[in-house]
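In what follows, a structure is listed as structure tokens, so that the remarks can point back to it.
The values are calculated or read from the model by the stated rules, or taken from the named source; none is laboratory data. It should be emphasised that the depicted structure is a prediction, and the values quoted were computed from it without experimental measurement. Every residue, glycine among them, receives a Cβ derived from its backbone with ideal geometry; neighbour counts consider all protein chains shown. For accessibility, only protein heavy atoms count, side chains too; no ligands or nucleic acids. Shrake-Rupley method; radii C 1.70, N 1.55, O 1.52, S 1.80 Å.
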Amino acid sequence: MIATKDLKLSIEGMSCASCVGRVEKAINGLDVVEDATINLASETAVVRFTGDVDTQIVVDTLAEAGYPARTLSAVFQIEAMTCASCVGRVDKALSAIVGVLDVNVNLASETASVTYLDGQVSISDLLRVAREAGYPAKLRDADATVDMGARKEVEARDLARRTSLAAILALPVFVLEMGGHAVPLIHEWIGATIGFQLSWIVQFVLTTIVLAGPGRGFYLKGFPALFRGAPDMNSLVAVGTSAAYVFSIVATFLPFLLPDGTRAVYYEAAAVVVVLILLGRFLEARAKGRTGEAIRKLLGLQAKTAHVVRGDDIVEIDVDQIIVGDILAVRPGERLAVDGEVTQGHSYVDESMITGEPVPVAKIEGASVTGGTVNGTGAFRFAATRIGADTTLAQIIRMVEEAQGTKLPIQGLVDRITLWFVPAVMGLAALTILIWLIFGPDPALTYALIAGVSVLIIACPCAMGLATPTSIMVGTGRAAEMGVLFRKGDALQALQGVKIVAFDKTGTLTEGRPELTDVNLAQGFDRNELLALVAAVEMNSEHPIAEAIVRAAKNENIDLPEIEEFASITGYGVQALVSGKMVLVGADRFLVREGVELEGLDQIAVEFGAKGKTPLYVAIDGKIAAIIAVSDPVKSDAKAVVSALHDLGLQVAMLTGDNQRTADSIAQDMGIDYVVAELLPDGKVAALKELAQGGEKIAFVGDGINDAPALAHADVGIAIGTGTDVAIEAADVVLMSGDLRGVINAFDVSMRTMRNIQQNLFWAFAYNTALIPIAAGALYPAFGILLSPVLAGGAMALSSVFVLSNALRLRMIRPKVPDHTPMRAPAAQTLKMEVA
């Protein structure tokens, strides 16, 4: 009889008996399912399988049917992970649980993120499996942020104490044994005073203390892992040093068990290897702490207390006690506790820690403020709108943590290799010993022991395991400090494949609001007087162009007169009686309809249109008075950004709803390669598909709600942080300020981080590939060189430190600030599309 297994699911969207029928039909349609029981009241399903449970096929089937299975996610702090092999075993153990859909284990942050089926898997199941695999885990609070720097500082202090004690004890051992070999006078002195047997007994005592004291962690973790059939880095150290230690004990106390000529001790190898590896772990802990410096800096931005208005008093309370709607009083120089909206007063606020922009931002009534930013010299009050985990700063910290915990595609191969690395090394060490015993010169046993121990000690899966995650942690952290948030860590790798960067025009390449750019007067009219009349009329219109004209008049401190008889003529323009004068403002057809001669100003309108500007005519008392132009100005840094992208070997496209002539003019001026114009709001996805027809990867930069589908569709979506929440949620990368130079910074961080990862991986694999054969004795036949276990331990310790130190270089990345303006480029290619 074939055994059956059950899978319990919690299902979303079931509201009636028909839903139950559809879910039942969908699940029972699977060949691997024997039976399915659906419960509408509890919104659950129990699926019975014959043979192995295929969780993913059930989940996918339910999703296609419109009734997705509920999933939960949890992050665990994993203890005892020391190398890439540990990562593979934790991943394998957790993934083996029926109902676990995704596991992401990160050696650098020592965490595991698990996505699992609600109802089938519990937190206790995950904790139990991790513990049984030899890696005790603790659940992290979803809203809590672990200060890895502080945790690693504590670990580094403990390792420093253990390393110092081990070094003090190992130094006499090293001097007595290696000094005796290297310096004849020391050898003679030992023989003439304490004697060689007592010297070995002293070495035995000191080495025993080193191994049982500071080094005991290697044995308490390494041997249990070995006995479970899952050896790790600790196992290599434990077996290697134990072999040297046990051989030395036999040579000291039971020499008759050894063949003639093989009596020698290697206490110094066991003791010094432990010291060197502890030293390496100490340096590694310090370096790991620095990889999380960006998170620590962000955590440091969080205010601990705030001044809240309570009636007529202002009281200081903990930030955790603030509720939405509280009125907070901000004094000069204070750090804002939460997000909110200014209700009283004004000041300038330094937002550089959030946006990367160094210039303080003016805050007046109605302006939004962000927790973690610093007030200038003014004072104001604001109403709390977002608190706790909902604040911008808390979300930024969460995004950075998630990005740092991401496993890049390049890591998959590394994980598969390292899972078998330690067993392979142990097998190679055994083979090395066998070959030396069979073919080695006398004393073959001594040579075999040295070579075997050296192979075990020199192998370093740590470097392979740290190569990718440490670079990601430092790179994404440094990007966050520059105002670039990688919401999805795999965007780091994806950006390297991008060939075309497509920009939405309005609000991305341009400021996003029209401005008055030109006022060309007919003869006999005064600019200020005309602007006052036009702005007075447009004051009653809600059109964005009208707002631009009124804003320009106010910026020039022009007083606006009262108006009468205002009228808006749809499709033509507006008119009103102002100070006894009839003022008309609108399109050329409006003035023609009213019988006003344009007197050649229509030629200027053509020039305006060619430059991407919207022309408006003004007539006063039946006579042409002026032609004015309004446009959405291009951002000051847009040209330089386009040029910098070209310098990176990328092509640039612009998507816009503007007419083709206007779009071509803007593109020509900025040096843009492709233009897709006259798009309807929902046509951007189709435009991206057209651009990608040649197989090129596309990055899309946008900011509005209507950009969200395009941001999600693009290979990499980059959202302007000053845009809408919907756009930000759909993006892979978020630029916290509206500065387009963040796009260049994103590409630069991506390039440098991926190059850093490649350097680390090359080092890690080249190190092991080159030095393991040398440790095994590959150089002995030709050069008579056999690597000492002490040197092997030093090399292994330095390997991990090298990888971490190389990753830390990413902290030195500086923002890319384009300082050149491109020459006028040839005309852009116009893509004619049938876009719905």
Per-residue accessible area for K816 at 1.4 Å probe radius, Å² rounded to 10? 80 Å²
With every protein chain left in place and a probe of 1.4 Å, what is the accessible surface of D669, to the nearest 10 Å²? 70 Å²
Interchain or sequence-distant (5+) residues whose placed amide H lies within less than 5 Å of the amide H of S737 are G721
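Carbon and sulfur together cover what percent of the accessible area of the chain at a 1.4 Å probe radius? Walk me through the intermediate numbers first.
Working: 20720 of 36790 Å².
Ligands and nucleic acids excluded, carbon and sulfur reach 56 percent.
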Residues whose built amide H sits under 5 Å from the amide H of T111, excluding neighbours closer than 5 in sequence, are I78, N106
Along the charge dipole of the chain, which of A367, H543, A96 sits closest to the positive end, that is, farthest toward it, with unit charges on the beta carbon of Lys, Arg, Asp and Glu (+1, +1, -1, -1)? A96
Got a sec to turn the phi values of the stretch 496-505 into Karplus ³J(HN,Hα) couplings, 6.51 cos²θ - 1.76 cosθ + 1.60 with θ = phi - 60°, whole Hz, x for Gly and Pro? 6, x, 6, 10, 10, 10, 9, 10, 5, 7
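Just from its helices, what would the mean residue ellipticity at 222 nm be for the chain, if runs of 4 or more DSSP H residues each count -39500 (n - 2.57) and the sum is divided by every residue, rounded to the nearest 500 deg cm²/dmol? Before the final figure, lay out each step's value.
Numbers: 30 runs with 392 residues, N = 836.
For the chain, the value works out to -15000 deg cm²/dmol.
Whole number in Å², please: accessible area per residue of the chain, 1.4 Å probe, ligands, DNA and RNA not counted.
Values: 36790 Å² over 836 residues.
Result: 44 Å² of accessible area for each residue.
List, in the order given, every pair from K499/K689; K138/K304; K152/K816; K363/K554; K152/K221; K505/K639 whose Cα-Cα distance in the structure shown is over 23 Å.
On the way: K499/K689 14 Å; K138/K304 26 Å; K152/K816 32 Å; K363/K554 19 Å; K152/K221 19 Å; K505/K639 13 Å.
In this structure, K138/K304; K152/K816 exceed 23 Å between Cα atoms.
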Taking only protein heavy atoms and a 1.4 Å probe, the highest-to-lowest accessible-area order of R551, R263, R752, R593 is R593, R263, R752, R551
List every residue whose amide H lies under 5 Å from the amide H of F566, counting only residues 5 or more places away in sequence or on a different chain, with H placed 1.01 Å from N in the peptide plane. L577
Looking at the chain from every direction and averaging, what is the projected area of its Cα convex hull in nm²? 51.0 nm²
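For the stretch 461-507, divide the Cα radius of gyration by the Kirkwood radius and give the resulting Rg/Rh value with two decimals.
Numbers: Rg = 14.1 Å, Rh = 12.7 Å.
Dividing the radius of gyration by the Kirkwood radius yields 1.11.
For Q77 and I438, FRET efficiency with R0 = 60 Å and r from the beta-carbon atoms, rounded to 0.05? Write out the running numbers ahead of the final one.
On the way: r = 48 Å, r/R0 = 0.79.
The calculated FRET efficiency here is 0.80.
Can you give the Rg/Rh ratio of the stretch 212-275, where Rg is from the C-alpha atoms and Rh is the Kirkwood radius?
With Rh from the inverse mean 1/r over Cα pairs, Rg/Rh is 1.05.
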